[in-house]
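Some notes on the structure that comes next.
The values are calculated or read from the model by the stated rules, or taken from the named source; none is laboratory data. Worth saying up front: this structure is predicted, and the values here are computed from it rather than measured. As a convention, Cβ positions derive from the backbone with ideal geometry for all residues, glycine included, and neighbour counts pool all protein chains shown.
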Amino acid sequence: MLELENISFSADGKKILKDINLSIDSGKFIAITGPNGSGKSTLAKIIMGIEKPDSGRILFDGEDITDYSIDQRARMGISFGFQQPVRFKGITVHDLLNLSARKKFSINEACEILSTVGLCANSYVDREVNSSLSGGELKRIEIASVITRNSKLTIFDEPEAGIDLWSFNNLIKVFNNMRNKLEGSIIVISHQERILNIADEIILLTDGAI
């Protein structure tokens, strides 16, 4: 499904990624790990189109998407969850789910989606996606919005960043649930052993190389 061919990337005169070759099949839960500064988040952003590689090709379902924009990749079925989820003043959780899925969910449907990520749905569906929500709540709401897209490929960049232990325990349950009901593939950038333990494959990135 996803193929990276000889992907290299530099920033500020430093080589961040060095001729990365990687193939990810459909229906896989993949964890990418490695020390800080090894290029993990950069690799995730290159797959999504947030960063552009200096050289190499990215193929998705056999199509060369190297020069495609973020929007084009999203329309093809690639989703991205950030380390720090974005807050949206004036937009409710229900609105966010509708926007993400590009369809209108009823209140009951929205509540059912939120319950899959361990949120007491009635307490959240009409809340604004703003600073009143904790890091763990925002993370799970972001995951719920990604789930509504039913993407072919979903990328999470260090989803455990900035959340407490209780929220992290719930996050593991959410990922376990996603893994068991997997239709598309999931790539998770993480240091956390408990996330690595539920992966089908672990990719170790060190000094910009696999």
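Structure notes:
- Flag if residue 152 is surrounded by fewer than 19 Cβ atoms within 10 Å (Cβ to Cβ) and not hydrophobic (A, V, I, L, M, F, W, C): yes
- Taken over the stretch 1-36, the criterion of being closer than 19 Å to residue 196 by Cα and either free of Cβ contacts under 8 Å to residues at least 12 places away in the same chain or basic (Lys, Arg) (or both) is satisfied by 28, 36.
- For the condition modelled with pLDDT of 80 or more and within 21 Å of residue 30 (Cα to Cα), residue 146 qualifies.
- Summed over the stretch 43-80, residues that are buried (at least 19 other Cβ atoms within 10 Å of the Cβ) and more than 17 Å from residue 159 (Cβ to Cβ) total 6.
- Criterion applied to 210, 163, 187 was being surrounded by fewer than 21 Cβ atoms within 10 Å (Cβ to Cβ) and touching a helix residue (DSSP H, G or I) at 6+ places or on another chain (Cβ under 9 Å), and the one residue passing it is 163.
- Only one of 171, 153 that is of a type outside the set (Lys, Arg), at negative phi, modelled with pLDDT under 85 and in contact with a Gly (Cβ under 8 Å, 6 or more places away or on another chain): 171
- Filtered by the rule that a residue be out of contact with any Leu (no Cβ under 6 Å at 6 or more places or on another chain), buried (at least 17 other Cβ atoms within 10 Å of the Cβ) and either of a type in the set (D, E, K, R) or at pLDDT below 90 (or both), the stretch 81-92 gives 81, 82.
- Scanning the stretch 155-182 for residues that are in contact (Cβ under 8 Å) with a residue 12 or more places away in the chain and among the aliphatic types (A, V, I, L, M) returns 155, 161, 163, 171, 172, 174, 178, 182.
- Residue 25 vs. criteria modelled with pLDDT of 95 or more, over 30 Å from residue 128 (Cβ atoms) and of a type in the set (D, E, K, R): no
- Scanning the stretch 1-14 for residues that are in contact with a strand residue (DSSP E or B) (Cβ under 9 Å, 6 or more places away or on another chain) and at pLDDT below 95 gives a single hit, 1.
- Residue pairs meeting the criteria (Cβ under 6 Å; at least 6 apart or on separate chains; first within 11 Å of residue 155 (Cα to Cα), in the stretch 183-203; second of a type outside the set (Val, Ile, Thr) and surrounded by fewer than 15 Cβ atoms within 10 Å (Cβ to Cβ)): 185/26
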